[in-house]
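Asks: This structure is in structure tokens; I'll ask about it shortly.
The values are calculated or read from the model by the stated rules, or taken from the named source; none is laboratory data. These figures come from a predicted structure and were not determined experimentally. Positions of Cβ are generated from backbone atoms using ideal geometry, with glycine treated the same way; all protein chains shown enter the neighbour counts.
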Amino acid sequence: MKKITSKILTLPKGDKAWAISTLVIAEHFDRRHADVLQSIYSLIESGHLGEREITLLDRINNLGFKVQDKHYILSERDFLIACPFIGGDKARDGQVIVVDEFLRMKEALNDQRTWKLERSALRLEYPGMTEAIMNAYDDPKPSDYARENNMIYRVLFGRTAKEFCEHHDVKEVRDALSEIEVARLKKAQRLNTSMIEMGMSYHDRKAKLTEMFRVKVLGGKT
């Protein structure tokens, strides 16, 4: 799954909630940053915003020199409290843009967490298929486990696990899977485990999975 990024918001290190810099607010509200800082400082002084440290941001100015900008990092709640007091020629437009981005990124984070839970579930399920193979084979070898694993990957993705990783330049197959693909893999592993426990042959299981997922298997032995 791709890393979640935003051109407007920032995700402070160690934090789980998106935030926004007063520098970005000034840009989207079309207001001098010094004025935005003063508005935030006034809200802190009045107790409407909690105490916070002002941070420094390194950047290269138009002359090519490294300079440091002072700015505040505001949570979504702090931003919404501060909005009516910031002003600016594009305050309304800026507020809509930032609020929409907060909503979009929260939804993206929720999707990512769901995807990570699905991946974790896959890791827990795979030993179940391993145990089924151990019980089905008289003397299971590493190649037997790889054969079963690659059979599923060929049915779903047309490639062995190694070929898939090389094609997508990842260390593990699951690192390149979408949420839908994770769900399909999870289902295929469950079905194959059940069919192994029922005593179905390798070729019958392969045919059944291919039929169920309706994916054309590329040529070559599995």
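Asks: Among what's in segment 54-89 and is hydroxyl-bearing (S, T, Y) and either part of a strand (DSSP E or B) or more than 15 Å from L23 (Cα to Cα) (or both), pick the residue that is modelled with the highest pLDDT.
Replies: Among those that are hydroxyl-bearing (S, T, Y) and either part of a strand (DSSP E or B) or more than 15 Å from L23 (Cα to Cα) (or both), it is S75.
Asks: I've got another one for you. Among the listed residues E27, E107, E101, which satisfies the condition of being under 29 Å from the mean Cα position of the chain (by Cα), surrounded by 12 or more Cβ atoms within 10 Å (Cβ to Cβ) and closer than 30 Å to V182 by Cβ?
Replies: So the residue among E27, E107, E101 that is under 29 Å from the mean Cα position of the chain (by Cα), surrounded by 12 or more Cβ atoms within 10 Å (Cβ to Cβ) and closer than 30 Å to V182 by Cβ is E101.
Asks: Separate question: Can you name every residue in segment 127-175 that is in contact with a Ser or Thr (Cβ under 8 Å, 6 or more places away or on another chain) and part of a loop (DSSP other than H, G, I, E, B)?
Replies: Matches in segment 127-175: T160 only.
Asks: Would a scan of segment 138-161 turn up a residue that is modelled with pLDDT of 80 or more, over 28 Å from the mean Cα position of the chain (by Cα), of a type in the set (K, R) and not assigned by TED's automatic domain parsing to the domain that holds M200?
Replies: no
Asks: On to the next question. Only one of (1) part of a strand (DSSP E or B); (2) out of contact with any helix residue (DSSP H, G or I) (no Cβ under 6 Å at 6 or more places or on another chain); (3) buried (at least 16 other Cβ atoms within 10 Å of the Cβ) is not met by I20, so which one is it?
Replies: (2)
Asks: Oh, and also: If the Cβ limit is 9 Å and pairs must be 6+ apart or interchain, which residue in segment 30-50 that is outside the structural domain of D89 (by TED's automatic domain parsing) and at pLDDT 90 or above pairs with which residue that is surrounded by 16 or more Cβ atoms within 10 Å (Cβ to Cβ) and aromatic (F, W, Y)?
Replies: Pairs found: none.
Asks: In segment 179-215, what residues are outside any helix (DSSP H, G or I), modelled with pLDDT under 90 and in contact with a helix residue (DSSP H, G or I) (Cβ under 8 Å, 6 or more places away or on another chain)? Reasoning before the result, please.
Replies: Taking segment 179-215 and keeping what is outside any helix (DSSP H, G or I), we get 198-201, 214-215.
Still in the list and also modelled with pLDDT under 90: 214-215.
Hit for segment 179-215 is V215, nothing else.
Asks: Step by step: first the residues of segment 42-66, then only those that are β-branched (V, I, T) and under 33 Å from the mean Cα position of the chain (by Cα), then the one that is surrounded by the fewest Cβ atoms within 10 Å (Cβ to Cβ). Which residue is that?
Replies: Taking segment 42-66 as the starting set, the residues that turn out to be β-branched (V, I, T) are 44, 54-55, 60.
Checking which are under 33 Å from the mean Cα position of the chain (by Cα) leaves us with 54-55, 60.
Values: I54: 12, T55: 14, I60: 9.
By that ranking, first place goes to I60.
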